[in-house]
Every structure is written in C-alpha cells, then in structure tokens.
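Student: Sharing a structure with you now.
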Amino acid sequence: MSAASSDLLTLVAGIFGVLILASAVGYVLQQRLSPNGSNAAIENLNARIKAWWIMVVLIGLAFVAGRIGVLVLFGFCSFAALREFVTLINTRRADHWALAAAFFIVVPVQYYLLWAEQYGIFSIFIPVYAFLLMPIISVLRGDTERFLIRIAEVQWALMICVFCASHVPALLTLNIPDYDGRNVLLIAFLVIVVQLSDVLQYVWGKLFGRTKIAPKLSPSKTVEGFVGGVISATLIGAALWWITPFTPVQAGLLAFIITLMGFFGGLVMSAIKRDRGVKDWGNLIEGHGGLIDRLDSVVFSAPIFFHIVRYWWSL
Amino acid sequence: MKGFITRAVAAAIVVFARAVTAVRAIWPEEGLPSRPCIYFANHSSHGDFVLVWTVLPPRLRHHARPVAGAEYWLKSRLNRFIGRDVFNAVLIARERDKRTEDPVEQMASAIDAGSSLILFPEGTRNQSDARLLPFKSGIFHLVAARPDIDLVPVWINNLNRVMPKGEIVPIPLICTVTFGSALRLAPDEAKDAFLERMQTALLALSPKPAGSGE
C-alpha cells in the first residue's frame, strides 16, 4: 500500500470517527430535547449530520475512483451550483444561447482542460474567452434591456461556480517535489479545513455566541463563533501537516488564510442571497440548503490556496 | 410491449425533467386529495404538464391525465406518441368548428372513469407580461357538471425561463411546483365569481418575482 493511500485511510477513519461521534451526540440531543421532532434546531442539526455522511461518502468514492472521479464530482458540483446561481440572476430570452453555452460548453471544457492538464488555457478560458465570447452571443439577438447587468451576472456566475470551484480539483495537476501521487490529500486538506471551520464556527456560535458580527448579512454569525472557529480550524489544519507537503507552521498559516477566505466568501454569498430575497440557494442538500450554501467558503478559498501552493511549492 | 415502451419513455422523461430543473414540489399542509381531482395550473411552456406529472407521487400520477390541445398533440407521430400513449392526454379540439366532441363532456367522462385532470384554464401558453391570463370558462362548465370535484391550484415557477417559446435547448434552472389547498364550487356560485376566485387562489401561490425581474 502506498503512503498516499494509507494516509487517506487514516484520514477517512478519523472523519468517520468524528461523524459517528456527531451522530451519537445528535441522537442523544434528539432523545432528550426533541423526542417528537418539535425542536427545529435539533432536527436541522441531525439533517445536517445525515447530509454530511452522504457528502463524505461521495467524496470518498470520488477519491477511490481517482482523477476521473474527482473531476466528475466537481464537474457535477459546478453544474448544480451554476444552475442554482443562474436561477437567481437577471436573464432574458436573448441570453438563451449564451446560457446554453455556459452550461453545456464552458463547464465540460473547463474540466476537460484539467483532465488534459492544460494549465495555461485552463487558467484563462473563463476569464478571457468566456468573458469576451458570452456577451457576443447575447448581443447578437439585439436586446439591450439591462444588457450590462445581464452579461455581468452571467460572468460572475461562471467565475464563482465554474472557474473558482474548478481550482479544487486543479490541485491534482500540481507537480510538488517529494509529493508524487499524494495530491489528492491536498484536496482533502483544503476541504476538511474549510468545512470544519464552518462547522466549528456554527458550534462555537451556538455555545458561546453573543455578539453578532454582521447582523445585516448573516444574523446567525457571531464574533465568538468566528474567533473560536477560525482558531480551532487553524489548529486542526496545523495538526494535519502530515498529509501535506508543508511544515506544521506552514500548514497552520495556510489553514488560517483559507478559513478567513472561507468566512468572508460566506459573507459575500449571503449578501447576494439577501439582495435576491432568498434564504438558501436551493434545496439540494437536506438541512444545509443548496449546494452553493455548502460550497461558498470552499469556492472562495480554493483559488487562493491553489496559487499559494503553486507559487511556493510546485515546480 | 407498447405498455413497456410507454412506461420506459415516461420514466426517461421524469429523469430528464428532474436533471434539468431539479424540480421541487411544495405541498399544502393537509396533503393532496386522494380522490380524483382537477389540478389547474398556470401555463407558459409545453413542458408544464410534464413537470406537474413528474412531481406527483406515483400513486396519483398514474391516474392523472393532462388536458391538451388536439391540434398540437396530434400534429406528428412523435407528438401523438408522447401525448396520447405516454401521457394518456385528454385531447380536446381548440377550434370550435373542428370539434366532433364536446370538450366538457370529454373531461367529465375522464373524471367519471376515475382519472384526475391536469388543466390549464388560461387555454393557451402565456407569452405576455401578465402573470396570468384570464381563465376560459371551460373549467366552470366542467365543475358545474361535476360539482363534487376538488380543484387543486398548482403554480409552476420558472419553467418558462428553462425553455422559452421557440427554443430547442433547455437551460438548466431550478423550478418549483406549488400545490394549494383543494377548493370546490360554492352552491349557486356564478361563473365570473368562480373564475375570479380560482384565479386569485392560483396567483396566491406564485412567489414574488425573483431573478427574472421581467
């Protein structure tokens, strides 16, 4: 067994341990406080834990299937996220072909470029080609009503849901000395740290939260939750240094950066939801809301994490 | 054999509709009537009845027959196969002078045979900026003939953006189908009052416009 797969096994065992503990706590809380399902907070907690099991198993299966599995999983995530995003933006009939191109050409091409390991074109395909070609497709229909808003929103949707999200599997393409065949663990590091940071902010907030940190954007986020969550997720990131090419201090520093990006990314995406008058992006994940509700912090931290690692660690 | 093919095609259409629209149904608190009833919905796309049909629980779906224009659904062999064989639509002639059967009688006899109906009382696809076109009177005459039947308002949201008129490629967008509480014809209720009440009940299910901003 290679070092990568034994590390991965240890990691999966650890995650299963955490989930079993969470499920046990959720069960006890339900028995004590919500035996007939009357306590909404606890029912939601248990729905979230159940959804976590499904997400962990899906990501685990993708890792087992290798590069193609990871690309297909994140390709699907981009598709579903884009569907949630475009549902909420201004579109008119004149955008029909541009939108069809976004879903059926841009998404597959972006992930194909990762498969083909064409980093140069991968990194500019959406910011340059899609950016210039999509408005051209829209303008051909001659509808100028709210034109700038329409093309800007579609580009934003593509940047967030496809370009940024695709930087998670892009970690597989990095060539890091003495880290051969272990890149999938970088994805695990990023996803675990960001998601644990979200969970820990929620837990710290529920336990000790007093002071709202952004009442206009996200009434459930508190200063106590933010500080506790970021510190504990940073420490966990440092403790996970053995699955990364980093030293413990470097791992902690990177974890700190990605949790901060994740937190502020969550605020940005909340602001968009408020602007559009919705509570959740969708209903794909029971208890969590839409896929973007779960993915927002990963999407904001992935490109930064990718470029830091690429600049300082890869060849 | 034909039964098998139509069932397979129906299943494929359900899977496709869900893959494109991730459609979600919102039910009334008391659930749907278990007896045959009339689902009446807003109409903006050829896919409307497919979406209602997709979200209905299989038990109810098998008895639900869309009411559709014969001109369109008998136009080609494919349309005929989908409309008549797969969805078992009650096909009514739109143009008065081409009618050989009375549409109200056709619908009433489908109900008598134990089917539910999926009905679009606007009569045609709504291409206007208004949220709802005025209802045609057919639904009133049908209910006057079968006054015990439950009427369930159904609001289909967003499907017109998935596939606007004249486009062939659907855009994946999230759709919702909201079912309201069952209504009945009140004793001695006049036609206009009844239609008005049904339109209000249906509009009450529509979310405030988000996104499309049209």
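Student: Determine whether A:Leu58 is assigned by TED's automatic domain parsing to the domain that holds A:Ala22 and in contact with a Leu (Cβ under 8 Å, 6 or more places away or on another chain).
Tutor: yes
Student: Pick from A:Asp296, A:Asp280, A:Asp275: which is surrounded by 22 or more Cβ atoms within 10 Å (Cβ to Cβ) and closer than 28 Å to B:Thr21 by Cβ? Before the answer, list the steps.
Tutor: Numbers: A:Asp280 fails: surrounded by 22 or more Cβ atoms within 10 Å (Cβ to Cβ); A:Asp275 fails: surrounded by 22 or more Cβ atoms within 10 Å (Cβ to Cβ).
Only one candidate passes the filter, namely A:Asp296.
Student: Just give me the residues in the range A:210-231 being of a type in the set (Ser, Thr, Tyr) and under 22 Å from the mean Cα position of the chain (by Cα), in sequence order. Talk me through it step by step, then tell me what you get.
Tutor: Within the range A:210-231, the first condition is being of a type in the set (Ser, Thr, Tyr), and the residues that meet it are A:211, A:218, A:220, A:222.
Hits for the range A:210-231 are A:Ser218, A:Ser220, A:Thr222.
Student: Moving on to the next point. Please count how many residues of the range B:49-99 are at pLDDT 90 or above, in a helix (DSSP H, G or I) and of a type outside the set (Val, Ile, Thr).
Tutor: 2
Table: residues versus (1) touching a helix residue (DSSP H, G or I) at 6+ places or on another chain (Cβ under 8 Å); (2) not hydroxyl-bearing (Ser, Thr, Tyr).
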residue	(1), (2)
B:Ser137	yes, no
B:Ile149	yes, yes
B:Ile171	yes, yes
B:Thr176	no, no
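Student: Let me ask something else about it. Look at A:Asp275 and say whether it is in a helix (DSSP H, G or I) and within 14 Å of chain B (Cβ to nearest Cβ).
Tutor: In short, yes.
Student: Then there's this: Here are some residues: A:Gly37, A:Gly26. Which one is without any contact (Cβ under 8 Å) to a residue 40 or more places away in the chain, over 23 Å from the mean Cα position of the chain (by Cα), farther than 15 Å from A:Val191 by Cβ and surrounded by 15 or more Cβ atoms within 10 Å (Cβ to Cβ)?
Tutor: A:Gly26
Student: I would also like to ask the following. Can you list the helices (runs of 4 or more DSSP H) found entirely within the range B:102-214 that contain at least 1 residues being within 14 Å of another protein chain (Cβ to nearest Cβ) and under 15 Å from the mean Cα position of the chain (by Cα)?
Tutor: Helices (runs of 4 or more DSSP H) meeting the threshold: B:159-162.
Student: Return the residues of the range A:155-198 that are under 30 Å from A:Ile89 (Cα atoms) and modelled with pLDDT under 90; say none if nothing qualifies.
Tutor: none
Student: Could I ask something else about it? Condition first: at the interface with another protein chain (Cβ under 9 Å from one of its Cβ atoms) and either within 28 Å of A:Trp115 (Cα to Cα) or among the aliphatic types (A, V, I, L, M) (or both). Now tell me which residues in the range A:73-95 satisfy that. Please lay out each step first, then the result.
Tutor: Taking the range A:73-95 as the starting set, the residues that turn out to be at the interface with another protein chain (Cβ under 9 Å from one of its Cβ atoms) are A:79-80, A:82-84, A:86-93, A:95.
Listed by number, the residues that qualify are A:Phe79, A:Ala80, A:Leu82, A:Arg83, A:Glu84, A:Val86, A:Leu88, A:Ile89.
Student: Looking only at the range A:96-107, how many residues end up being more than 7 Å from every other protein chain (Cβ to nearest Cβ) and not aliphatic (A, V, I, L, M)?
Tutor: 2
Student: Can I ask one more? Looking for whichever is of a type outside the set (Ser, Thr, Tyr), closer than 23 Å to B:Val162 by Cβ and surrounded by 18 or more Cβ atoms within 10 Å (Cβ to Cβ) here; the options are B:Ala108, B:Ala68. Which one fits?
Tutor: Going through B:Ala108, B:Ala68 in turn, just one is of a type outside the set (Ser, Thr, Tyr), closer than 23 Å to B:Val162 by Cβ and surrounded by 18 or more Cβ atoms within 10 Å (Cβ to Cβ): B:Ala68.
Student: Pairs needed: first member in the range A:153-176, under 14 Å from A:Ser78 (Cβ atoms); second member anywhere, surrounded by fewer than 19 Cβ atoms within 10 Å (Cβ to Cβ); C-beta distance under 7 Å; at least 6 residues apart or different chains.
Tutor: Listed by first residue and then by second, the contacts come to A:Phe163/A:Pro127.
Let's see how each residue does on (1) aliphatic (A, V, I, L, M); (2) part of a helix (DSSP H, G or I); (3) in the same structural domain as A:Ala255 (by TED's automatic domain parsing); (4) in contact with a strand residue (DSSP E or B) (Cβ under 8 Å, 6 or more places away or on another chain):
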residue	(1), (2), (3), (4)
A:Ile149	yes, yes, no, no
A:Ala152	yes, yes, no, no
A:Met159	yes, yes, no, no
A:Ser166	no, yes, no, no
A:Tyr179	no, no, yes, no
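Student: Only one residue in A:Thr259, A:Thr222 is hydroxyl-bearing (Ser, Thr, Tyr), modelled with pLDDT of 95 or more and buried (at least 20 other Cβ atoms within 10 Å of the Cβ). Which one?
Tutor: A:Thr259
Student: In a helix (DSSP H, G or I), in contact (Cβ under 8 Å) with a residue 12 or more places away in the chain, within 14 Å of chain B (Cβ to nearest Cβ) and within 20 Å of the chain's Cα centre (by Cα): which single residue out of A:Asp293, A:Asp280 fits that description? Full working, then the answer.
Tutor: Numbers: A:Asp280 fails: in a helix (DSSP H, G or I).
Going through A:Asp293, A:Asp280 in turn, just one is in a helix (DSSP H, G or I), in contact (Cβ under 8 Å) with a residue 12 or more places away in the chain, within 14 Å of chain B (Cβ to nearest Cβ) and within 20 Å of the chain's Cα centre (by Cα): A:Asp293.
The values are calculated or read from the model by the stated rules, or taken from the named source; none is laboratory data. The shown structure was predicted, so the numbers you read here are calculated from the model rather than taken from an experiment. Virtual Cβ from ideal backbone geometry, glycine too; neighbours counted across all protein chains shown.
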